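Novice: Structure provided below as structure tokens; questions to follow.
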Amino acid sequence: MNYEEFYSELQVKEKSIKDIISRQKSTYKSISKNAAYGDLKSLAKYIAIMGILISDHEEYLCELKELVESFNAREYMHTGDFAKQMLSCCEIMEVDVIGDYPSYEIFPYKVRIDEENQDIYIDRKKLPCSRPEYLVSYIKQNREKLLKVGFSASTFLSEVAYAYDNLSIIKRNESERMSKKQDIEISLKELHRFLAPMQRFRREYDMKSFAFDLARLYASDIEFTEDGRQFKMGPARTHKQNIRILDKNGNETWVGTIKFYSNNSTTT
């Protein structure tokens, strides 16, 4: 049984409990009203009805408890059914995902399935969740929230260019063979460490946030910095140094380096 089948049965039990709670509230009002009126005959009648409703309520709760206990969440995750249905939901909801059990990337988030505790880790955040459809919907909604946050591609590019210029100076000073005017490629991951040098800053502006901003810059129409320089992002020589982003069409792209071209140089 997948979670959606289980959830359908769960909803039937939930409705029974909801209905009986509604009847209990109505009966309680009648008890209170007749107590105030001094109508002891009606009061006794509604107290008896309340007793029956409470008994039915307990029965429905027992059925609900048995149904919940019948669903083996650990086995559901262990067999891979949870992951299969998660991937199916991603396809239906048009949510980008890559990876293999138990670790995935649903851009810009890292997702890990913890079958032992029936928890899902989204980056460092723990989400107790055994329903794939809710998980994918939750991630999609959070991604949409990120997209709604104000973003200026030109401002972000200026900040990246500032970090690039400073790192270029350091690298030229460290190398005797490098020209003082030479435009060089610099690792984007190295730039991220420069933009967020301390660990507490990297918690607030982590690699996920940096990758998301890079994706929005990549998808923008910005081609030049404020001082007129062009830039180019490309893949790094080693895969570990690359950052996975999505282009404006949702296609996967890997970038690992960036290079800014001075006004008197040409791109190649």
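The values are calculated or read from the model by the stated rules, or taken from the named source; none is laboratory data. Keep in mind that this is a model prediction, so the values were computed, not measured. Here the Cβ positions follow ideal geometry from the backbone for every residue, glycine too, while neighbour counts run over all protein chains shown.
Novice: Which pairs do you get when a residue that is touching a residue at least 24 places away in the same chain (Cβ under 8 Å), found in region 51-69, comes within reach of a residue that is among the hydroxyl-bearing types (Ser, Thr, Tyr), reach meaning Cβ atoms under 6 angstrom, with the pair 6+ apart or on two chains?
Specialist: 60/16
Novice: Condition check: aliphatic (A, V, I, L, M), surrounded by 13 or more Cβ atoms within 10 Å (Cβ to Cβ), closer than 30 Å to residue 101 by Cβ and at pLDDT 95 or above. Does residue 53 satisfy that? Even if it seems obvious, please write down each step before you answer.
Specialist: Details: aliphatic (A, V, I, L, M): yes; surrounded by 13 or more Cβ atoms within 10 Å (Cβ to Cβ): yes; closer than 30 Å to residue 101 by Cβ: no; at pLDDT 95 or above: yes.
Considered against the rule, which asks whether it is aliphatic (A, V, I, L, M), surrounded by 13 or more Cβ atoms within 10 Å (Cβ to Cβ), closer than 30 Å to residue 101 by Cβ and at pLDDT 95 or above, residue 53 comes out as no.
Novice: Which numbered condition trips up residue 137, out of (1) surrounded by fewer than 15 Cβ atoms within 10 Å (Cβ to Cβ); (2) part of a helix (DSSP H, G or I); (3) without any contact (Cβ under 8 Å) to a residue 24 or more places away in the chain?
Specialist: (3)
Novice: May I ask you to list the residues in region 120-136 that are closer than 15 Å to residue 105 by Cα and touching a Leu at 6+ places or on another chain (Cβ under 6 Å)? Please lay out each step first, then the result.
Specialist: If we filter region 120-136 for residues that are closer than 15 Å to residue 105 by Cα, which is where we start, we get 120-125, 132, 135-136.
Answer for region 120-136, where residues must be closer than 15 Å to residue 105 by Cα and touching a Leu at 6+ places or on another chain (Cβ under 6 Å): just 120.
Novice: Can you pull out the residues in region 29-50 that are over 51 Å from the mean Cα position of the chain (by Cα) and surrounded by fewer than 14 Cβ atoms within 10 Å (Cβ to Cβ)? Even if it seems obvious, please write down each step before you answer.
Specialist: Just the residues of region 29-50 that are over 51 Å from the mean Cα position of the chain (by Cα), to begin with: 34-45.
Scanning region 29-50 gives 36, 37, 38, 40, 41, 44.
Novice: Hey, does region 238-246 have a residue that's in a loop (DSSP other than H, G, I, E, B), within 27 Å of residue 147 (Cα to Cα), under 23 Å from the mean Cα position of the chain (by Cα) and modelled with pLDDT under 90? If you could, list the steps in order and put the result at the bottom.
Specialist: Of region 238-246, the ones in a loop (DSSP other than H, G, I, E, B) are 238, 242.
Restricting the remaining residues to those that are within 27 Å of residue 147 (Cα to Cα) gives 242.
The next check asks that each one be under 23 Å from the mean Cα position of the chain (by Cα); those that pass are 242.
With the extra rule that they be modelled with pLDDT under 90, the set shrinks to none.
Within region 238-246 (the criterion being in a loop (DSSP other than H, G, I, E, B), within 27 Å of residue 147 (Cα to Cα), under 23 Å from the mean Cα position of the chain (by Cα) and modelled with pLDDT under 90), the answer is no, since none of the residues qualifies.
Novice: So, in region 76-124, of the ones that are within 18 Å of residue 143 (Cβ to Cβ) and of a type in the set (Ser, Thr, Tyr), which residue ends up modelled with the lowest pLDDT?
Specialist: 109
Novice: Can you give me the number of residues within region 98-134 that are surrounded by fewer than 14 Cβ atoms within 10 Å (Cβ to Cβ) and in contact with a Cys (Cβ under 8 Å, 6 or more places away or on another chain)?
Specialist: Here the count works out to 0.
Novice: Name the pairs whose Cβ atoms lie under 6 Å apart, with the first residue in region 204-221 and farther than 11 Å from residue 253 by Cα, the second among the aromatic types (Phe, Trp, Tyr), and 6 or more positions between them or separate chains?
Specialist: If the second residue must be among the aromatic types (Phe, Trp, Tyr), the pairs left are 213/156; 216/151; 217/156.
Novice: In region 140-177, which residue that is more than 22 Å from the chain's Cα centre (by Cα), buried (at least 16 other Cβ atoms within 10 Å of the Cβ) and not β-branched (Val, Ile, Thr) is nearest to residue 194 (Cα to Cα)?
Specialist: Per the stated criteria, the residue is 163.
Novice: For residue 265, which of the numbered conditions (1) part of a loop (DSSP other than H, G, I, E, B); (2) modelled with pLDDT of 90 or more fails to hold?
Specialist: For residue 265, the exception is condition (2).
Novice: Which of (1) within 23 Å of the chain's Cα centre (by Cα); (2) at pLDDT 90 or above is the odd one out, the single condition residue 229 does not satisfy?
Specialist: In the conditions (1) within 23 Å of the chain's Cα centre (by Cα); (2) at pLDDT 90 or above, residue 229 misses (1) alone.
Novice: Kindly list, by first and then second residue, each pair from a residue in region 19-37 that is in contact (Cβ under 8 Å) with a residue 40 or more places away in the chain to a residue that is part of a helix (DSSP H, G or I), limited to pairs with Cβ atoms under 8 Å and residues at least 6 apart or on different chains.
Specialist: 20/53; 20/56; 20/57; 20/60
Novice: Then there's this: Please verify whether region 165-188 includes one or more residues that are within 20 Å of residue 244 (Cβ to Cβ), assigned to a loop (DSSP other than H, G, I, E, B) and not assigned by TED's automatic domain parsing to the domain that holds residue 85.
Specialist: Yes.
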